[in-house]
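Take a look at the structure below.
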Amino acid sequence: MSDLENLSGITPKTLENLAKLNITSIFDLLFHLPLRYNDRTVITNIGDIVYNSELQVIGRVYNAKVVYGRRRMMTVTLLDDTGEITLRFFHFSNSQLKGLADGKRVICFGEARRSRGRIEMVHPQYRVLQDHESVTLPDSLEPVYPTTKGLQQKRLRTLIENALKWAGKNYPQFDDVLQGMQDRFIDDKPMLNALNEVHRPDVDSDKQSLFTRKHPAQKQLVFDELLAHHLSIMKIRLRSDQRKGYKLESNNHLVASLLENLDFEMTSAQKKVLQEIRHDMNCEHPMMRLVQGDVGSGKTVVALVACLYAVENNYQAAIMAPTELLAEQHYRYFTNQLLPLGVQVAWLSSGLPSKKKRQMLELIASGTASVVVGTHALFQEGVAFKNLALSITDEQHRFGVQQRLQLSQKGSADTVFPHQLTMTATPIPRTLAMSMYAHLDYSVIDELPPGRKPISTVAIADTRRDDVIERIKAACRAGAQAYWVCSLIEESDALQSQAATETHAHLQVQLNELNIGLLHGRMKSAEKEQVMQDFMHKKIHVLVATTVIEVGVDVANASLMVIENAERFGLAQLHQLRGRVGRGDKQSSCVLLYKTPLGDLAKKRLDALRNTTDGFEIARIDLELRGPGEVLGTKQSGDMQMRIANLSKDLALLPEVQKAARWVIENHPERVEIVLKRWLGHAVEYANA
Ligand code: ADP
Ligand code: MG
C-alpha cells in the first residue's frame, strides 16, 4: 500500500493519475517540483505591460462579443486607467459571455502578446469580481507542475501542499546529513524548508533566480540529490571492499613467454597500468578498475596480459566486447597469442549455432577453456564458469547499465568475487569520471606506441568526391588499404546497410581495377568474418562499411579513412572512426566528406578533428559543444536518472559533492541511508545490485 493514502481525499482514480506521473509515494509527490511559477502577487497596470510575459491585470469589461472569422471566437476588451487589452477565447459558453457584461470588473492572468498593434491575451485565466470585492493578492508564487490528463493543476497543488504538511510531522528522513561539517558548500536549511520554498516561494524571494533555477533552495535540493547518487555509487565500492576476492600470486611463467612472443615492447604507459592491475589482483578484495586509453593506445594487449595473471593461477578469465565484430577479432587475437602457450580460448556469441554453443559451454564449465571471449551473450543465463577470477569489459561505454551489472554479478553466487576490469577509449572529463565512476580505480594509458605518425585529416565538400576517389585509386595502387564509411546517423540498421550497399556498387564501377569489400550489420556473422579476414590479408583494397567498424577494429595496414556525411556525426564517434587508421607505422590520412552548406556546430566539430588527434582534447571540445549529458550518451546517463539535478547544468557542483560524500562516509556512515532513502527510494535496491 502506498503512503499516499495518508493524504486526505485520495481516491483510486487520483492514485492512478499520479502513477502516470511516476508518483507512487509521498516522497515522489514532494519531489515533483514546479516547472515554473505564476506570479499572481502583483497587479500590473495595462499601460505598463511588457510583451510576452505572464502577468495579472484588473480591468472593466467593455464590449464582450462573439466574432465570426475563420474561427468563431469571443473577444472581450478590458480597460483600466492606463490602457486597454483584448482577451480572446476560442472555447467559451454562452453563460460565460453573459457574465462579462459591460462594466463588470475582472481579474485576469495570462501571457500578454502584441497583435496587430494591440495588446492581447489568448485564453487567460480570469475571474469576475463581485461589485465591491477587494482583491487580496496571494503572498507566494503559484507553482505550475507537470501534470497529466484527468489531474487538474489545482488539485495537484492541493495534494502537494498536503504532502508538505504531512511530511513535516512524519519524516525524520529530512534530517540534515551534513550537520557538523566544516566549510560546507551550502548552508542547508532543514530539507523541508527548502522544499517548501521551492513549492511555494514567497513574494520576497528572488524570482529571477527561481526562474533560472539558481535559487539557494533549489541548489540545496540539487546538491542533496547529487550527494545521494554519489553515495550510492561509493556504496558499491564499500561493499566490494568487504568482499573476498581471488588473491593471485604472480609467478610469471606464461606472461614472460607471451611478452617474448610479441613483436613489440610494451610502452611504459602499458607497463605502468599492468603493474596497477597486477597489484589489484594480488589483493584480498576484488579489483574494480577502469582503464582509459585513447584509440590505438594498445588496450587489448593489456587485457590479454591481465587474463594471463588469472590463468597462471589456474583460474579463468573472460573478456566481453560490445559488437560481434570486435569480439570475433579479440577471439582471433587471443587464440593466436595463447594457443602457442597451451592456453585454450572459448568463444561465445548469440549467433552461435546451438551445437557449437553447447560445446563452448562445456569447455567453459569444465575449465578446459581458461579464457573466454564473447559478446554480452557471455553473461546470459546458462553460462557457468568453473572458476572465473577476472572479468573484463572492453569499450565499456557501449554497454547498457543493466548489462554491466549482470556481468559484475557473474560468479557472485560464490563467496569469492571475480576481479573486474573495464576499458574505454572515450575519455570523459575528470570531474565527471570521478562522479560516474566513484567506485572504480582509474588508470590511464597516456601514451601511444612509438612510431605512430599523426593522422592527417582534411575536410572536403562532397562535390569533390571524384577527386577523393582518384586519390584512393592512386594510394591503393601503391599498396595502401582504405575504409569508406557510409553513414546515416540514427537511421535503422536496414537503411544504413542499404546506403553502404549502394556506395559499394558505385565504387566498384569507379574503381574497377580494385577489390572493393562490403561490411554491414545485416550480413551473417560468417560473411562479416570472411570480409574482415580478406581485408586483413589484403585481398580487399577498399572496405565500404557502416559504423559497425566504429569500435575496436584493428587492421594495421589500412591507412586511409573516408567518412561520408561527416557533418552528421558527433565528435567522439568521428574520433573513434578515424582511430581505425594510424595503427601502424604508415602515414595515414582521414577524409571527412561533408555536404554543403555546413552548419556552425558541424563546422566546429570538423575543425576540431582537423586540428587535433588527441582524444582528451577532443573530449574537452565535445563537452564544450554539447554538455556532459550528451557526452555521456543515453546509455551512460541511464546510470543517473535524476529528479532535479542535471549533470549538464550542475557539473560545477561535483567536486563539492564528492567532498561532502567522503565526509559523510568517514564521519557519519549511519547517515548514508537517510540520503539514499529520500532520493532513491525503492531504487536503492537497484543501486545495491
Ligand atoms: P586500443 O587501445 O584502441 O584497443 P589496440 O589494442 O587495438 O588499441 O592496439 C592498436 C594496435 O597497436 C594493435 O595493432 C596492437 O597490436 C598495437 N600495439 C599495442 N601495443 C603496442 C606497443 N607497445 N608497441 C607497438 N604496437 C602496439
Ligand atoms: Mg580496443
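The values are calculated or read from the model by the stated rules, or taken from the named source; none is laboratory data. Because the structure is a prediction, the values reported are computed rather than measured. Please note that ligands, DNA and RNA were not included when accessible areas were found on the heavy atoms of the full protein model with its side chains. Shrake-Rupley method; radii C 1.70, N 1.55, O 1.52, S 1.80 Å.
Convert each backbone phi in the range 272-282 into a coupling constant with the Karplus relation 6.51 cos²θ - 1.76 cosθ + 1.60 (shift: θ = phi - 60°), then list the ³J(HN,Hα) values in order as whole Hz, x for Gly and Pro.
4, 5, 4, 5, 4, 5, 4, 4, 4, 6, 8
For residue 268, what accessible area in Å² do you get when you roll a 1.4 Å probe over the heavy atoms of the protein chains, rounding to the nearest 10?
80
Within the range 244-445, how many Lys pairs that are eight or more residues apart, or on different chains, come under 21 Å at the alpha-carbon?
13
Rounded to a whole number, what % of the accessible area of the range 244-445 do carbon and sulfur atoms account for, probe 1.4 Å? Intermediate values should be presented prior to the final figure.
Numbers: 3790 of 7720 Å².
Solvent-exposed carbon and sulfur of the range 244-445 make up 49 percent of the total.
Which whole-number percent gives the relative contact order of the range 42-137, counting Cα pairs below 8 Å spaced six or more residues apart?
29
Just from its helices, what would the mean residue ellipticity at 222 nm be for the chain, if runs of 4 or more DSSP H residues each count -39500 (n - 2.57) and the sum is divided by every residue, rounded to the nearest 500 deg cm²/dmol? Intermediate results must be reported in sequence, preceding the final value.
Numbers: 25 runs with 278 residues, N = 689.
Taken over the chain, the calculation gives -12500 deg cm²/dmol.
As a test of reading the structure, rank 330, 439 by solvent-accessible area (1.4 Å probe, protein chains only), most first.
So, going from the largest accessible area down, we get 439, 330.
Rolling a 1.4 angstrom probe over the protein chains, ignoring ligands and nucleic acids, what is the accessible area of residue 139 in square angstrom, nearest 10?
Result for residue 139: roughly 110 Å² accessible.
Keeping the other protein chains in place, figure out the carbon and sulfur percent of the accessible area of the range 42-137, with a 1.4 Å probe. Working shown, then result.
Details: 2690 of 5840 Å².
It is 46 percent, rounded to a whole number.
Regarding the range 244-445, what is the average projected area of its C-alpha convex hull, in nm²?
On the way: hull surface 42.2 nm².
Mean orientational projected area (the range 244-445, Cα hull): 10.5 nm².
In whole percent, what relative contact order does the chain give with Cα contacts below 8 Å and a gap of six or more residues? All intermediate terms of the calculation are to be shown ahead of the outcome.
On the way: 1176 pairs, mean separation 87.9, N = 689.
With pairs under 8 Å counted, the relative contact order is 13 percent.
If I compute solvent accessible area with a 1.4 Å probe over the protein chains, what percent of it on the range 456-612 is carbon and sulfur?
On the way: 3220 of 6680 Å².
Answer for the range 456-612: carbon and sulfur cover 48 percent of the accessible area.
From the square roots a ≥ b ≥ c of the eigenvalues of the alpha-carbon gyration tensor of the range 466-581, which class results: rounded (a/c under 1.5), prolate (a/b over b/c), or oblate?
Values: a/c = 1.32, a/b = 1.23, b/c = 1.07.
It comes out rounded by the Cα gyration axes.
Might you tell me the accessible area per residue for the range 456-612, computed with a 1.4 Å probe and given in Å²? Before the final figure, lay out the partial values.
On the way: 6680 Å² over 157 residues.
With the other protein chains kept in place, the range 456-612 gives 43 Å² per residue.
Hey, what did the range 456-612 get for relative contact order, percent, Cα under 8 Å, at least 6 apart?
On the way: 272 pairs, mean separation 49.7, N = 157.
Relative contact order comes out at 32 percent.
Taking the solvent-accessible surface of protein heavy atoms with a 1.4 Å probe, what is the per residue accessible area of the range 244-445 in Å²?
Spelled out: the 1.4 Å probe surface of the range 244-445, per residue, equals 38 Å².
Per residue, how many Å² of accessible area does the range 1-156 show with a 1.4 Å probe? Kindly include the intermediate steps, with their values, before the conclusion.
Working: 8870 Å² over 156 residues.
Here the per-residue accessible area is 57 Å².
Each residue of the range 367-380 in turn: what ³J(HN,Hα) in whole Hz from Karplus with 6.51, -1.76, 1.60 and θ = phi - 60°, glycine and Pro shown as x?
Result, rounded to whole Hz: x, 4, 8, 8, 10, 10, 10, x, 8, 5, 4, 4, 10, 6.
Whole angstrom only: what separates the Cα centroid of the range 289-327 from the Cα centroid of the range 1-76?
Their Cα centres are 56 Å away from one another.
Two-decimal Rg/Rh of the chain from alpha-carbon positions, Kirkwood Rh? It would help to have the intermediate numbers written out before the result.
Numbers: Rg = 31.7 Å, Rh = 29.7 Å.
Ratio value, two decimals: 1.07.
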